[in-house]
Amino acid sequence: MVVLVVVGAQWGDEGKGKITDYLASQGDLVVRYQGGANAGHTVVIGDDEYRLHLIPSGITAGCQVLIGSGVVVDPELLLREMHRVSSSGLSLEGLHIAETAHVVFPYHKLLDQLQEDLRCDDRVGTTLRGIGPAYTDKVSREGIRMIDLVSGGSFAQRLHARLQRLEDQLSVIPFSKARLLRQFRTYGQLLEPYLCDASDFVLRALNCEKKILMEGAQGTMLDVDHGTYPFVTSSSPTAGGACTGVGLGPTSISNVLGVVKAYTSRVGGGPFPTELTGSLGDQLRTQGQEFGTTTGRPRRCGWLDGVALRYATRVNGLGMLCLSNLDVLSGFDQVKIAVSYEYQGAVINNLPPTAEKLAACRPVYETLCGWDADISECSCFSELPEAARRYIATVEEISQIPVALISVGPRRSQTIKRREVW
Ligand code: GDP
Ligand code: IMO
Ligand code: MG
């Protein structure tokens, strides 16, 4: 039995899609367990690039894929993505969708925008995909699930009740109930063939000795419980979310792989202690092509944050790391890793509990020699320059976990394996 959770160890965009595809090529089933179309996972195979938002990255490796019940599904975007994927020659035969996954409606996106507008200077910088409001409806028991779209009368009743409350809130309803009902019933019909009991589906795969990957979206520091609250998303990207987001007990999880970029990026608002706002930050953004996969926004960039990495190791129970984008650090005279923070004159080694305190922290860096060589064609550890190997060893010292995989470029083939992951 192998169930491997792939989790982002930073603020998202660590290269989870790339590494999920790489591992899926030796696996059987890939499950997305949380988030929604706020995610943007890029997979590059040869000259082909796929940008996935809701469909798990294993689709590119020909695996069975499952959108778990912890995901919030925007049916319109999903259908568009399915069309794109199948037009590019990939099969959708292995696609499954949890019947209990919650649905994102147009009013969720409207509320997302309105809430952001009200936040003024404290904007989270959401992706405006309706994620927060959809999860809010879920926990306040006003959500509508995929199964409801194909279950006759209850859908109309639930939608009516929800729109009524929207009218109470906004005085007007900018949507026609009849139209929404028709539109989402049609989506339901189109997606019905893919709906399944997700927990049972995964259990059956487990019983058949299948290799299962749980693909996280976003990252540890965006987790609603463990991230830099309130500058977070509204779901649980950390490893525990894989259990609740699928309906699988923690005793079934074999290991947790943390994907960590060799530096840090963040999209949207919130504290970022190692952020580089000058020319070094620009250099990282340019060399790393750091522009959002979902929104196209330039990503904020900075040095690797070892304090955040140690924290991610703890809250996810990481067993190993994939160090991604190491090639992007080529060409810097010196590279830095934050090993602790300085807060009001004192050195602290743990992540503070509030965004305000984190914003007031100054990173304490360990400075290492950089390297010039282009490492994007290196295929084994020994081919890497000495300084790059030293950098990897420092990441292992700080996190106290082994770097099992090193990614030196976006392509599936640009991956160095140091130890078995499966
Ligand atoms: P995800 O959200 O964690 O799946 O990451 P994204 O796909 O949003 O962003 C990662 C970006 O870096 C994508 O454009 C990838 O193609 C690219 N990428 C992934 N791994 C590497 C790598 O090792 N080196 C470089 N240069 N790019 C990478
Ligand atoms: P992947 O899976 C990076 C960020 C948004 C915003 C905050 C809340 O590609 O790593 P939301 O729309 O979720 O309510 O926005 O979270 N965010 C991401 N940042 N990568 C992502 O996904 C993200 N998904 C959400 O920018 O700051
Ligand atoms: Mg992304």
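The values are calculated or read from the model by the stated rules, or taken from the named source; none is laboratory data. Source: prediction; values computed, not measured. Glycine gets a Cβ as well: all are built from the backbone with ideal geometry, and neighbour counts include every protein chain shown. Heavy atoms of the whole protein, side chains included, go into the accessibility calculation; ligands, DNA and RNA do not. Shrake-Rupley method; radii C 1.70, N 1.55, O 1.52, S 1.80 Å.
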With respect to VAL347, is the statement that it is without any contact (Cβ under 8 Å) to a residue 24 or more places away in the chain, touching a strand residue (DSSP E or B) at 6+ places or on another chain (Cβ under 9 Å) and over 29 Å from THR20 (Cα atoms) true? yes
Just one of ILE59, ILE55 is within 14 Å of ligand 1 (Cβ to nearest atom), free of Cβ contacts under 8 Å to residues at least 40 places away in the same chain, open to solvent by less than 10 Å² (accessible area, probe 1.4 Å) and not hydroxyl-bearing (Ser, Thr, Tyr); which is it? ILE59
Name, by its number, the condition in (1) open to solvent by less than 10 Å² (accessible area, probe 1.4 Å); (2) under 16 Å from the mean Cα position of the chain (by Cα) that does not hold for VAL202. (2)
Could you look through region 227-252, keep only residues that are open to solvent by less than 10 Å² (accessible area, probe 1.4 Å) and either part of a helix (DSSP H, G or I) or within 16 Å of ligand 3 (Cβ to nearest atom) (or both), and pick out the one that is farthest from PRO352 (Cα to Cα)? ALA242
Turns out the strands (runs of 3 or more DSSP E) fully within region 259-367 with at least 2 residues that are within 14 Å of ligand 2 (Cβ to nearest atom) and touching a His at 6+ places or on another chain (Cβ under 9 Å) are none
Flagged in region 28-45 as more than 10 Å from ligand 3 (Cβ to nearest atom) and either out of contact with any helix residue (DSSP H, G or I) (no Cβ under 9 Å at 6 or more places or on another chain) or closer than 25 Å to VAL395 by Cβ (or both), in numbering order, are VAL43, VAL44
Among the candidates GLY345, GLY409, residue that is open to solvent by less than 10 Å² (accessible area, probe 1.4 Å) and either within 27 Å of the chain's Cα centre (by Cα) or in the same structural domain as LYS18 (by TED's automatic domain parsing) (or both): GLY409
Applying the selection to region 281-315, what residues are touching a helix residue (DSSP H, G or I) at 6+ places or on another chain (Cβ under 7 Å), within 15 Å of ligand 1 (Cβ to nearest atom) and open to solvent by 10 Å² or more (accessible area, probe 1.4 Å)? GLN287, GLY288, PRO298, ARG299
Among the residues of region 126-169, what is the count of those that are within 16 Å of ligand 1 (Cβ to nearest atom) and open to solvent by 20 Å² or more (accessible area, probe 1.4 Å)? 3
Among the residues of region 131-151 satisfying the criterion of being among the hydrophobic types (A, V, I, L, M, F, W, C) and more than 22 Å from ARG179 (Cβ to Cβ), which is nearest to the chain's Cα centre (by Cα)? ILE131
From LEU358, LEU368, grab the single residue that is buried (at least 20 other Cβ atoms within 10 Å of the Cβ), assigned by TED's automatic domain parsing to the domain that holds GLY281 and in contact (Cβ under 8 Å) with a residue 12 or more places away in the chain. LEU358
Taking the condition of being touching a residue at least 24 places away in the same chain (Cβ under 8 Å), open to solvent by 10 Å² or more (accessible area, probe 1.4 Å) and more than 19 Å from HIS102 (Cα to Cα), how many residues in region 207-226 meet it? 5
Residue under evaluation GLU377, criteria (1) within 30 Å of ILE212 (Cα to Cα); (2) under 25 Å from the mean Cα position of the chain (by Cα); (3) modelled with pLDDT of 95 or more; (4) open to solvent by 30 Å² or more (accessible area, probe 1.4 Å), criterion not met: (2)
Report yes if ASP28 is under 18 Å from ALA242 (Cα atoms) and surrounded by fewer than 23 Cβ atoms within 10 Å (Cβ to Cβ), otherwise no. yes
Failed criterion for GLN218 (all others in (1) among the polar types (S, T, N, Q); (2) farther than 30 Å from ASP200 by Cα; (3) not in a helix (DSSP H, G or I) hold): (2)
Would you pick out the residues in region 368-408 that are in a loop (DSSP other than H, G, I, E, B) and either out of contact with any strand residue (DSSP E or B) (no Cβ under 8 Å at 6 or more places or on another chain) or aromatic (Phe, Trp, Tyr) (or both)? TRP371, ASP372, ALA373, ASP374, ILE375, SER376, GLU377, PRO385, GLN400
Condition first: touching a helix residue (DSSP H, G or I) at 6+ places or on another chain (Cβ under 8 Å) and open to solvent by 20 Å² or more (accessible area, probe 1.4 Å). Now tell me which residues in region 253-268 satisfy that. ILE253
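Every residue, every condition in (1) modelled with pLDDT under 95; (2) under 21 Å from ILE147 (Cα atoms); (3) open to solvent by 10 Å² or more (accessible area, probe 1.4 Å); (4) away from ligand 3 (no atom under 16 Å from the Cβ), yes or no:
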{"position": "ARG51", "(1), (2), (3), (4)": "no, no, yes, no"}
{"position": "LEU92", "(1), (2), (3), (4)": "no, yes, yes, yes"}
{"position": "VAL104", "(1), (2), (3), (4)": "no, yes, no, yes"}
{"position": "LEU110", "(1), (2), (3), (4)": "no, no, yes, yes"}
{"position": "ASP121", "(1), (2), (3), (4)": "yes, no, yes, yes"}
